[in-house]
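Trainee: Dropping a structure here in structure tokens format, bear with me for questions.
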Amino acid sequence: AHNKDGALSIVDVASGRTLEKFDTMLVEEVAWQPDGKQILVVGSSDNGSTIAKSIRLLDPRTGQVHAEMTDPVGITSPTFTADGKYIISGHGSDIRVWDVEHHVAIGDLTGGAHDADVVGISDDNRRIVSTNLTVDSDGQTYVAAGVWPGPAAWVDLLCAKLAENMSDQDWDQWIGAE
């Protein structure tokens, strides 16, 4: 993907040929959904654009916007999980998790970060990693890596906290039928 003159271009790097060009916006962040069905774009904040506070999911053949998910704090380093079900992004000092199918933020992973950036997720979706700009008690700034549990680990973590097995009715009430 290439961003020039306010357009998003998909370029074959071997030939240099432009495969697709979409006049959408100035793009700061871009990622392919693993199945290739959607492209995630986040606009540049350099020009004060509000698109820097939203994720747009585009059809890679037409450039049509399938969905837009907004965040008043801003979005950094968004990436799809390996199964394409979630988007993980920096969200100020937290990591935000987005549901791709329903186009909503489903939660934040908090703690251990001052400024979460450069987000990645393991191939098995069990661990999320992020660089964190951290300021120590002496005012010194340094970059560290933080690791959080990923979506594939959430059920195991929840079950480990339960004192007993849940009935199907309890599960539906507390967790949901999905």
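The values are calculated or read from the model by the stated rules, or taken from the named source; none is laboratory data. Given the structure is predicted, the values throughout are model-derived calculations rather than measurements. Cβ placement follows ideal geometry from the backbone for every residue including glycine, while neighbour counts extend to all protein chains displayed. The area values use the complete protein model at the heavy-atom level, side chains included, leaving out ligands, DNA and RNA. Shrake-Rupley method; radii C 1.70, N 1.55, O 1.52, S 1.80 Å.
Trainee: Grab the other residues whose beta carbon is less than 12 angstrom from that of S77, score K and R as +1, D and E as -1, and report the net.
Mentor: -3
Trainee: Now for a separate question. Stretched out fully, how many nm does the piece from D115 to A145 gain, at 0.36 nm a residue minus the Cα gap?
Mentor: 9.7 nm
Trainee: Let me ask another. Calculated FRET efficiency, D35 and A163, Cβ-Cβ r, R0 41 Å, to nearest 0.05?
Mentor: In this case the efficiency is close to 0.55.
Trainee: Can you pull the one-decimal nm distance between simple spin-label points at D99 and T134, each 7 Å off the Cα toward Cβ?
Mentor: Taking the two extended label points, one gets 3.3 nm.
Trainee: Additional query: Filter the chymotrypsin sites (Phe, Trp or Tyr not before Pro) in region 78-116 to those in DSSP coil with at most 12 other Cβ atoms within 10 Å of their Cβ, and list the result.
Mentor: none
Trainee: Sticking with this one: Under a Cβ-Cβ cut-off of 9 Å, what is the net charge of the residues other than R96 that fall near it, where Lys and Arg count +1 and Asp and Glu count -1?
Mentor: Around R96, the surrounding residues sum to -3.
Trainee: Let me ask you something else. Write down the accessible area per residue of region 75-178 in Å², having rolled a 1.4 Å probe over the full set of protein chains.
Mentor: On the way: 6250 Å² over 104 residues.
Each residue of region 75-178 exposes 60 Å² on average to a 1.4 Å probe.
Trainee: Quick one: if you take sqrt(5λ) for each eigenvalue of the C-alpha gyration tensor of region 61-134, what semi-axes come out, biggest first, whole angstrom? Don't jump to the answer; show the numbers that get you there.
Mentor: Working: eigenvalues 89, 43, 23 Å².
Over the Cα atoms of region 61-134, the ellipsoid semi-axes are 21, 15, 11 Å.
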